[in-house]
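The structure appears right after this line, and notes come after that.
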Amino acid sequence: MSWRPTHTQSVLVLIAAVVAFPFFGGASATTVMALGGLYAIVAIGLNLLVGYAGKISFGHNAFMALGAYASGILTVTYDWSPLAAMLAATAGSGLVAFVIGAPILRVRGHYLAMITLAFAQIVIIVSTRWTEVTGGLTGIPGVPDFSILGFAFDTKQKMYYLIWFVTIVLFLLSFRIVDSRFGRALRALGAHEAAAASLGVDVVRCRIQIFVLSAVYAALAGSLYAHFLNYVNGTFFDLSVMIQLMAILVVGGIGTLWGPLVGAVLLVWVSHSLGSYAEYSQLIFGVLYGGALLFLPRGAVGEIAARLKGTGSRLRSG
């Protein structure tokens with residue numbers, strides 16, 4: 001008889017690992033893992049859109065940028081509290097996603113992918129050129145440390161714990177979403193839109209809702225990123241970030257609950273281990289993307305789950 005950990009056991013192991021990591025990994029490794037958590041947040045939301053609803057977006061780096069800039073501008077220029085700025089950033093980004101997605105998601109085809117790619121390029125260009133508001137290429141320095149009720153997350157270790165707390169909460173939320181009636185509608189939508197519609201699924205409404213939700217995930221990660229670095233610059237969110245996000249999904253496993261989390265940690269560690277080869281990062285991520293599609297079509301998590309399931313089936317039949 002084979003043993004496979006339940007989701008609850010796996011999450012408890014994850015929490016224990018997150019809590020213990022700074023005591024064994026050191027300051028530099030903790031910083032890398034914090035960045036892994038930020039990318040995981042975006043990837044979890046993107047996975048709900050791509051892996052379950054079957055809609056591809058190439059513009060989630062733009063929603064990260066919107067979240068980061070909104071938090072930076074509101075806290076530095078207008079002296080808002082970090083929490084209020086974060087809430088405004090996520091709500092505003094969700095509204096932008098609705099304005100963009102509502103007309104596009106009513107039509108079939110790859111319009112969403114093309115429009116979001118163009119939208120991302122526009123956001124990055126504007127953010128690095130609109131000097132009066134965004135600081136242009138200089139960016140926005142002096143973004144304050146995140147704080148809640150007077151408690152300041154004023155060290156990288158404190159921010160690490162905050163980032164991973166948010167990551168795990170949103171990760172668990174994705175479990176609830178996938179297992180809900182809405183999640184079942186998303187899976188039906190991703191499998192066959194016409195069949196989903198015939199079963200009573202409001203196709204357009206589901207598309208818009210999941211697109212907005214995934215954009216809110218990205219904006220929240222961008223806002224945390226701004227407070228983690230105490231600085232915002234549009235070059236942080238260029239096309240290479242979107243390439244990394246798609247590679248994270250493919251390597252981890254599109255349409256699997258754990259795939260975005262595993263892929264984010266793996267790919268961020270790869271990115272920060274390139275050393276003198278950092279200038280070839282886009283090429284390396286492209287190779288990883290293609291290699292995963294060829295040799296791990298279900299991603300690392302999907303392949304492991306399939307092997308465990310196959311092993312359990314053989315043991316029961318034996």
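The values are calculated or read from the model by the stated rules, or taken from the named source; none is laboratory data. Here the structure is a predicted model, which means the values were calculated and not measured. In this analysis, Cβ positions are derived from the backbone assuming ideal geometry, glycine residues included, and neighbour counts consider all displayed protein chains. Each accessible area value is taken on the protein alone, full model and side chains, heavy atoms only, with ligands, DNA and RNA left out. Shrake-Rupley method; radii C 1.70, N 1.55, O 1.52, S 1.80 Å.
For Rg and Dmax of the Cα atoms in Å, the value calculated from this model appears in (1) 23.7, 85; (2) 19.7, 71; (3) 18.7, 57 under label (2).
Rounded to the nearest whole Hz, the Karplus-based 3J(HN,Hα) values (6.51 cos²θ - 1.76 cosθ + 1.60, θ = phi - 60°) of the range 155-169 follow the sequence 10, 4, 5, 5, 5, 4, 5, 5, 4, 6, 4, 4, 4, 5, 4, with x at glycine and proline.
For residue 22, what is the net charge nearby, where nearby means another residue's Cβ is under 11 Å from its Cβ and Lys, Arg count +1, Asp, Glu -1?
Within the 11 Å Cβ shell, the charges total +2.
Between residue 287 and residue 181, the simple label model (points 7 Å from Cα in the Cβ direction) yields a spacing of 5.0 nm. Cα centroid separation, the range 1-74 to the range 149-219: 12 Å.
Judged by the mean number of other Cβ atoms found within 10 Å, the most tightly packed of the peptides 247-257, 206-216, 148-158 leads the ranking 247-257, 206-216, 148-158. The residue among 224, 211, 234 whose Cα reaches farthest toward the positive pole of the charge dipole of the range 200-309, with charges on the beta-carbon of Lys, Arg, Asp and Glu, is 211. Ligands, DNA and RNA left out, the 1.4 Å accessible surface of the chain is 68% carbon and sulfur atoms. For the chain, adding -39500 (n - 2.57) for each run of n ≥ 4 DSSP H residues and dividing by the number of residues yields -25000 deg cm²/dmol at 222 nm. Net charge of the neighbourhood of residue 228, taken over other residues with C-beta under 12 Å away and scored Lys/Arg +1, Asp/Glu -1, is 0. Rolling a 1.4 Å probe over the heavy atoms of the protein chains gives the chain an accessible area of 48 Å² per residue.
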